[in-house]
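The structure appears below as structure tokens.
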Amino acid sequence: MKILEKVRETIERFKMLFPGETVIVGVSGGADSVGLLYILTELKEYNLKLIVSHVNHGIRAEEGKRDAEFVEQIARKLNLPFELKNVDAIGFKKTSGLSLEEAARVLRYEFFKEVLKRYEAQKIATGHTLDDQAETIIMRFIRGSGALGLSGIPPVSEGYIVRPLIEIKKVEIKAYLQEKGIGWVEDSSNRLMDFTRNRIRHKLIPQLEKFNPRIKETIARSGEIIRAQEEFIRTEAQEQFPKVFQSTEEHELVGTIRTYKSLPEALRFALIRMAIEKVKGNLRQVSYKHILSIDRLLASEVPSGEIFLPQEVIIAKGYALFVVSRKSLLKQEFSYTIDSPGKWKFPLVEVEVEFTEISLSELPKDRFTGFFDAGLTGFPIEVRSFRPGDRFIPLGMKKFKKVKRFFIDEKVPRFLRRRIPIFTSKGEIMWIGGMRIDERFKLRGKRALEIKIIKPRW
């Protein structure tokens, strides 16, 4: 099968491109990306508007300049728009903590997305090949990745990043270019054995080919099978997600332990990955070991525990609940003053306060509405987060009880305790918001101060 026919088949199979689309083509100057660009120009039936985009990562000074000029010449020859950006991948590596390869990749895709927006394009096309697929899967296998990692490079990412050459071998692309008399540049860093990928490409794969000459195709096919299974599991997990999690804050999810534990292990792993991705924005630096550790904590009989992930993400378990959040969100403290009746909207608390006439028999059972004796309650009222040493007299009791002990007895997870608003009057706690009022402030007559919590955060 000719290379153009194979690429057409891949595009159609994965619904990568549609007629008339504007496509940002990432071109490094190497054989793969140059081949991609020329192949796309030959797909006349798609009538694509192609934008040639190149990133100079600042890693190879002279070669980087040479590559940029080479790609610009190709764009000019094909009469296509050319976009160039110079970045400092080495500097970004130091500040981000990423590997050099990952840092360069992040900067590259950021630029491609900028160009996508500028041209109001529909797709970004990159030159990943079947060889890249096999190398990636091997590299992730060596690092101990789970099934998602072993599924390799997806043919389509985020719905608009497409890889039309993902089923094409490098030798096929070079043969195509040589037949057309089209040149390309070689990246000298591809020969350096300092990089894991290069050692896999030049040392490990040649040894594996002695056992199976088609080892690249075999590995890529295995990745495809795993990807299909993972997509099925992910679809099932998406259906279960709202049954397990509820969103309480932006960048935060609270889950129910019982529902989580009732699911098969494969679904649990997928749910954890999805939750982390929603909170963190991506799954970078989150390994299979992280996912396994989280699942073991949540599925165990241990009542509480915490696991910390990169970029300040935390998974905390407490009694019947667990949270996927950022560390800073769980440490938020607050203190606001309510000076009079009315609607009060603060950054972390929203309440309505009013005087009303009501009898004890008419009190509603809404736990987020509290009624207090108007004669015993005075303004200003402070609403604040829990503090060590807090104590009050729970309704129906005669002695003081520490709020911390109250939370423990009520099985309130540690990660939620600072969320619960505590209302005070004259320096004394009158209400653990939504949970228990203080005996000293309970309604005795008909004249009441009503406090209603709007949109509780727990």
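The values are calculated or read from the model by the stated rules, or taken from the named source; none is laboratory data. Bear in mind the structure is a predicted one, so any value in this text is a computation, not a measurement. Heads up, the Cβs are rebuilt from the backbone with ideal geometry, glycines too, and the neighbour counts pull from every protein chain shown.
Table for the structure above
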{"read-out": "Any hit, segment 403-424, residues being out of contact with any helix residue (DSSP H, G or I) (no Cβ under 7 Å at 6 or more places or on another chain) and either outside the structural domain of VAL349 (by TED's automatic domain parsing) or farther than 26 Å from LYS331 by Cβ (or both)", "value": "no"}
{"read-out": "Wholly enclosed helices (runs of 4 or more DSSP H) of segment 56-142 bearing at least 3 residues at pLDDT 95 or above and outside the structural domain of ASN190 (by TED's automatic domain parsing)", "value": "none"}
{"read-out": "Any hit, segment 172-187, residues being of a type in the set (D, E, K, R) and assigned to a loop (DSSP other than H, G, I, E, B)", "value": "yes"}
{"read-out": "Segment 143-175: number of residues that are out of contact with any His (no Cβ under 7 Å at 6 or more places or on another chain) and either closer than 14 Å to PHE14 by Cα or not assigned by TED's automatic domain parsing to the domain that holds ALA121 (or both)", "value": "11"}
{"read-out": "Complete set of residues in segment 107-131 that are without any contact (Cβ under 8 Å) to a residue 40 or more places away in the chain and either surrounded by 20 or more Cβ atoms within 10 Å (Cβ to Cβ) or among the hydrophobic types (A, V, I, L, M, F, W, C) (or both)", "value": "none"}
{"read-out": "Filtered residues of segment 372-385 (kept if within 20 Å of LYS401 (Cα to Cα) and in contact with a Pro (Cβ under 9 Å, 6 or more places away or on another chain))", "value": "VAL383, ARG384, SER385"}
{"read-out": "Residue that is surrounded by the fewest Cβ atoms within 10 Å (Cβ to Cβ), among those in segment 150-164 that are of a type in the set (A, V, I, L, M) and under 16 Å from LEU50 (Cα atoms)", "value": "ILE161"}
{"read-out": "Filter pass, TYR46 being among the aromatic types (Phe, Trp, Tyr) and under 18 Å from ILE182 (Cα atoms)", "value": "no"}
{"read-out": "Any hit, segment 351-371, residues being within 30 Å of ARG273 (Cα to Cα), in contact with a strand residue (DSSP E or B) (Cβ under 7 Å, 6 or more places away or on another chain) and of a type in the set (D, E, K, R)", "value": "no"}
{"read-out": "Options SER53, SER28, SER33; residue that is in contact with a Ser or Thr (Cβ under 8 Å, 6 or more places away or on another chain), among the polar types (S, T, N, Q) and in the same structural domain as LYS170 (by TED's automatic domain parsing)", "value": "SER33"}
{"read-out": "Residues located in segment 407-436, provided they are among the hydrophobic types (A, V, I, L, M, F, W, C) and over 16 Å from ARG384 (Cβ atoms)", "value": "ILE408, VAL412, PHE415"}
{"read-out": "Criterion (at pLDDT below 95, of a type outside the set (Asp, Glu) and in contact with a Leu (Cβ under 9 Å, 6 or more places away or on another chain)) met by exactly one of LEU165, LEU253, LEU192, LEU148", "value": "LEU148"}
{"read-out": "The one condition in (1) free of Cβ contacts under 8 Å to residues at least 60 places away in the same chain; (2) closer than 28 Å to SER28 by Cβ; (3) part of a helix (DSSP H, G or I); (4) not small (Gly, Ala, Ser) that MET193 fails to fulfil", "value": "(3)"}
{"read-out": "Within segment 284-357, strands (runs of 3 or more DSSP E) holding 2 or more residues that are basic (Lys, Arg)", "value": "342-345"}
{"read-out": "Flag for ALA75 being surrounded by 14 or more Cβ atoms within 10 Å (Cβ to Cβ) and over 21 Å from the mean Cα position of the chain (by Cα)", "value": "yes"}
{"read-out": "The listed residue being over 21 Å from ARG447 (Cβ atoms) and of a type outside the set (Asp, Glu), out of PRO364, PRO347, PRO380, PRO341", "value": "PRO347"}
{"read-out": "Segment 232-277, subset among the charged types (D, E, K, R) and either assigned to a strand (DSSP E or B) or under 17 Å from the mean Cα position of the chain (by Cα) (or both), residue farthest from ARG418 (Cα to Cα)", "value": "ARG234"}
{"read-out": "Qualifying residue in segment 69-81 (condition: among the β-branched types (Val, Ile, Thr), within 30 Å of GLN285 (Cβ to Cβ) and touching a residue at least 12 places away in the same chain (Cβ under 8 Å))", "value": "no"}
{"read-out": "Options ILE393, ILE420, ILE437: the member that is in contact with a strand residue (DSSP E or B) (Cβ under 9 Å, 6 or more places away or on another chain), under 22 Å from LYS317 (Cα atoms) and crowded, with 19+ Cβ neighbours inside 10 Å", "value": "ILE420"}
{"read-out": "Candidates ILE272, ILE307, ILE291, filtered to the one that is closer than 30 Å to GLU158 by Cα, in contact with a Ser or Thr (Cβ under 6 Å, 6 or more places away or on another chain) and among the β-branched types (Val, Ile, Thr)", "value": "ILE307"}
{"read-out": "Search result, residues across segment 10-25 that are surrounded by fewer than 16 Cβ atoms within 10 Å (Cβ to Cβ) and either outside any helix (DSSP H, G or I) or not assigned by TED's automatic domain parsing to the domain that holds SER188 (or both)", "value": "LYS15, PHE18, PRO19, GLY20, THR22"}
{"read-out": "All positions within segment 43-55 that are surrounded by 13 or more Cβ atoms within 10 Å (Cβ to Cβ) and in a helix (DSSP H, G or I)", "value": "TYR46"}
